[in-house]
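Note sheet for the following structure.
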Amino acid sequence: MAADARRLRLAGFLLLASRAPNPKPLSSSAFSSSCSSAAPATARVREDGLLSRRLLRLHVRPPRGAAAAAVERWAQERGHVSQPELRRAIAQLRSARRYEHALEVFSWMDSCNSLKLSSWDHAARLGLIAKAHGSSQAEEYYKKLSAAAKRAASFPLLHCYVIERNVLKAESFMAELQSCGLPVDPHSLNEMMKLYVATCQYEKVLSVIDLMKRNNVPRNVLSYSLWMNACAQVSGVASVQSVFKEMVNDDVVEIGWSTYCTLANIFRMHGLTTKAQACLRKAETKLSPTKRLGYSFVMTCYAGLNDSDGVMRLWEASKSVPGRIPSANYMTAMVCSIKVGNISRAEWIFGSWEAQCRKHDVRVSNVLLGAYVRNGWIEKAERLHLHMLEKGALPNYKTWEILMEGYVQSKQMDKAVDAMKKCFSFLKSCHWRPPLELVKAIARHFEEQGSADDAYKYTKVLQRFNLTSLPLYKSLLRAYINADIVPPNILEMVAKDQIIMDEEMDRLIILASKIGITCNR
């Protein structure tokens with residue numbers, strides 16, 4: 001019965017494919033470009049940039065309402081604020097992942113009687129809600145929208161389900177669209193196929209393709225890519241090549257570098273290195289001499305084949321593209337060089353970046369820092385770290401995590417503890433959490449040293465961030481036992497953290513009781 005219901009949901013939403021398509025799904029770039037066309041003059045565009053910069057200068061976690069207050073001050077100073085400049089500011093905030101700030105700007109627009117949110121504004125707002133607060137709040141917002149706004153906002157909500165890998169909600173939502181008479185276009189069907197690939201339900205991808213064919217729904221490059229990846233998992237390379245031939249014969253689709261990279265990765269996974277390299281050579285011919293898009297991706301594919309020559313050829317080719325090379329491209333080239341075992345080349349690329357960079361970004365040096373630590377070169381890692389500090393770079397949590405790993409490997413535990421303290425300063429402002437092995441290594445150090453007080457303070461900090469575990473509490477008890485000090489009532493801490501004890505923990509408690517611990521169990 002459950003399987004039949006799932007099949008009905010799948011078949012139900014796919015019937016929508018034969019209906020009229022929606023407009024192209026909303027993206028931040030499309031949102032930004034559509035707003036830009038509304039600006040009447042260059043001076044106005046410059047003012048728009050000033051508003052964006054003012055909002056971006058706000059602290060990452062300011063008091064609630066700070067972004068809306070900044071917009072209000074801006075409007076009062078200039079006597080006006082246009083909808084296009086607000087939209088551009090929202091697009092900038094979205095690009096910077098300042099979702100809460102962008103939502104505050106939308107709230108300010110909503111409260112302004114002279115401004116009216118369009119259907120696409122509602123779609124963008126729903127997408128921000130989904131990113132900031134998840135699908136539940138996005139659903140509540142969607143329910144309150146008009147039919148026209150729902151039509152525009154359906155794709156962002158579906159995309160939210162895909163990101164959360166919630167197959168049940170995604171299929172149910174597609175069925176709901178059908179019942180409301182809202183059309184579904186190839187972009188939405190691609191989202192469903194992405195979801196099925198992410199959840200390893202490859203047969204469902206083939207079902208989507210089959211029904212797209214029967215209902216004459218056009219396929220695009222992404223459709224074929226998802227189809228080929230599913231075939232690679234279900235029926236092998238021969239079926240993938242068959243799909244590619246069908247794509248070649250599809251007059252609507254232009255085959256570019258991304259398709260050849262997809263084929264190359266499939267061939268690589270099946271051990272067909274020669275065919276993979278031939279595909280990447282073909283991909284190179286499809287790269288634009290005036291746009292950087294694609295060079296880093298093809299380079300990464302060559303690195304996956306351990307092809308050092310291919311990596312360097314793509315890097316050199318990318319440098320001939322006009323314009324400044326972004327730091328992200330330098331990072332990709334360094335990562336790929338390291339992957340093929342050429343750290344000296346990565347160092348040379350780092351030097352090239354450093355010679356032209358406007359600001360020393362620690363994310364670039366972290367790539368090299370990690371390579372040094374993985375190879376046991378902690379002295380080189382320290383020298384690079386000090387060099388970046390001298391250049392004014394600000395270490396981030398990843399910097400300290402890498403250094404901590406290096407110090408643990410080299411048994412420099414005092415330095416590892418100091419690096420861990422630096423890491424703790426980032427815990428409140430980001431979602432990063434230290435790797436479990438490093439957490440345990442620091443605990444073992446306190447245990448072996450008999451540093452009971454340090455072990456206790458360390459555990460209390462970890463407790464604040466829900467990072468405690470049974471092994472950690474065992475190590476804490478052993479630290480007190482090694483120091484021959486009566487521990488505090490650790491059982492209360494264990495109970496608070498809902499840790500399930502085992503026989504070894506029981507033995508440690510008994511052993512600790514011999515130095516005066518009292519345990520009410």
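The values are calculated or read from the model by the stated rules, or taken from the named source; none is laboratory data. All figures in this text were calculated on a predicted structure; none of them were measured in a lab. Note that each Cβ is placed from the backbone with ideal geometry, even for glycine, and that neighbours are counted across all protein chains shown. Calculation scope for accessible area: heavy atoms of the full protein, side chains included, ligands and nucleic acids excluded. Shrake-Rupley method; radii C 1.70, N 1.55, O 1.52, S 1.80 Å.
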(message) Scan the range 466-473 and tell me whether some residue there is modelled with pLDDT of 90 or more, in contact with a Pro (Cβ under 9 Å, 6 or more places away or on another chain), closer than 18 Å to Asp497 by Cβ and among the aliphatic types (A, V, I, L, M).
(response) no
(message) Take the conditions crowded, with 19+ Cβ neighbours inside 10 Å and touching a Phe, Trp or Tyr at 6+ places or on another chain (Cβ under 7 Å) and apply them to Arg87. Does it pass?
(response) yes
(request) Kindly indicate the residue of the range 336-366 that is within 17 Å of Gly304 (Cβ to Cβ) and crowded, with 20+ Cβ neighbours inside 10 Å and also nearest to the chain's Cα centre (by Cα) among those meeting that condition. (result) Cys336
(request) Could you please give the count of residues in the range 263-294 that are part of a loop (DSSP other than H, G, I, E, B) and surrounded by 15 or more Cβ atoms within 10 Å (Cβ to Cβ)? (result) 5
(message) All but one of (1) open to solvent by 50 Å² or more (accessible area, probe 1.4 Å); (2) at pLDDT below 95; (3) within 20 Å of Glu246 (Cα to Cα) hold for Leu189; state the number of the condition that does not hold.
(response) (1)
(request) For residues that are among the basic types (Lys, Arg) and farther than 18 Å from Gly65 by Cα, scanning just the range 88-122, find the one that is modelled with the lowest pLDDT. (result) Lys116
(message) Report every pair of residues separated by at least 6 positions or lying on different chains whose Cβ atoms are under 6 Å apart, first residue within the range 288-303 and more than 14 Å from Ile325 (Cβ to Cβ), second basic (Lys, Arg).
(response) Ala303/Lys339
(message) Anything in the range 214-224 that is in a helix (DSSP H, G or I) and modelled with pLDDT of 90 or more? List them, or say none.
(response) Val221, Leu222, Ser223, Tyr224
(message) Cβ-Cβ distance below 8 Å, separation of 6 or more or different chains: which pairs start in the range 417-436 with a residue that is aliphatic (A, V, I, L, M) and end on one that is open to solvent by 50 Å² or more (accessible area, probe 1.4 Å)?
(response) Val417/Asp454; Leu427/Arg433
(message) Let me spell it out: the conditions are (1) open to solvent by 60 Å² or more (accessible area, probe 1.4 Å); (2) under 27 Å from Cys430 (Cα atoms); (3) modelled with pLDDT of 90 or more; (4) of a type outside the set (A, V, I, L, M, F, W, C), and Ser146 meets all of them except one. Which number is the exception?
(response) (2)
(message) I'd like to verify a number: residues in the range 419-439 that are surrounded by 15 or more Cβ atoms within 10 Å (Cβ to Cβ) and in a helix (DSSP H, G or I), how many?
(response) 7
